[in-house]
Amino acid sequence: MNEKRAIKHCRESLVVQTHSILPNQLNNHGTLFGGELMSMLDIAASIAVTRHIRTQSVTASTDSVDFLHPIQRNDAITIETYVSGVGKSSVEVFCKVIGENLLTGEQYLAVTAFLTFVAFNTDKSKAVVPLIEPETDEEKFVCSGYEERKMNRFAKREFNKQFARKITLTNSWIDEA
C-alpha cells in the first residue's frame, strides 16, 4: 500500500546551538577535542531528525566529519543542523560548525559533517519518514548531493559487512598459553 508522504522543508528541522569552548574540552594541542564536538553534533543532529519525523530514531552512521579549522579555547561555536536527505526510513542530517573568536569577532567554518539516522515506530518497526524540500541556495546545494552520498553509504556499508566478517573476536591482549 502506497501512502502519500508529507513534505517538509529543511528549516522545519533546523537546530542552532551556541557553545563556549572551555578548558576541560581541549585536547593536548589546546584546541577543542574532536570527540567532544562529535558528541555535540550527534545530539544536535538527533534533534533535527526528531523535528522532521516526530518519532524515534537511532544514529545509523557518521558518514563524514571534516575538521576544517581548529577551534581554540575561549572561542564560541555555533552548530547548525538540518535534514538534507531522506530515504524510506532513513534520514540524513547536514551539520556545520561556525567558530567565532569572541575577542575579534572573526568567524570561520570549522567543521562540516553528515550523519544518518533510522526512524522507527513505538513497536520498533521502521517508520516511513516525510520527504524533504530545500528552499535556500545552501539547502539546495547540500540536498543536491544526497543521492550520491546515499550510494556511497550503501557501498561503504557493504564493504564494512565484508570487513567485519574477517575481524576476530579473540582478545589479543590476553596471553593464551
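Bear in mind these aren't lab numbers, they're just calculated from the coordinates by the rules spelled out. Please read all numbers here as calculations on a predicted model, not as lab measurements. Every residue, glycine as well, gets a Cβ built from its backbone with ideal geometry; the counts of neighbours run over all protein chains shown.
For the stretch 7-165, the equivalent ellipsoid built from the Cα gyration tensor has semi-axes of 28, 18, 15 Å, listed from largest to smallest. Considering only T122, T62, T136, the Gaussian network model of the chain with Cα springs below 10 Å gives its largest mean-square fluctuation to T122. Straight-line cross-link reach from K4 at under 16 Å between alpha-carbon atoms covers these lysines, not counting any fewer than eight positions away in the same chain: K88. For the stretch 35-111, the list of trypsin sites (Lys or Arg not before Pro) that fall in a loop by DSSP and count at most 16 other C-beta atoms within 10 angstrom reads R54, R73, K88. Which residue fluctuates the most in the chain, going by a Gaussian network model with Cα springs under 10 Å, if the choices are E92, E139, E106? Maximum among the listed residues: E106. Between S57 and residues 5 or more places away or on another chain, which pairs have amide H atoms under 5 Å apart, with H built 1.01 Å from N, and which residues are they? Those qualifying (amide H under 5 Å, at least 5 residues apart or on another chain) are F120.
Among the chymotrypsin sites (Phe, Trp or Tyr not before Pro) in the stretch 131-177, those placed in a DSSP loop whose Cβ has at most 12 other Cβ atoms within 10 Å are W173.
Taking K and R as +1 and D and E as -1, what net charge do the other residues with C-beta under 11 Å from the C-beta of A6 add up to?
+1
For the options A164, A44, A76, a Gaussian network treatment of the chain with springs between C-alpha atoms closer than 10 Å singles out A164 as fluctuating the most.
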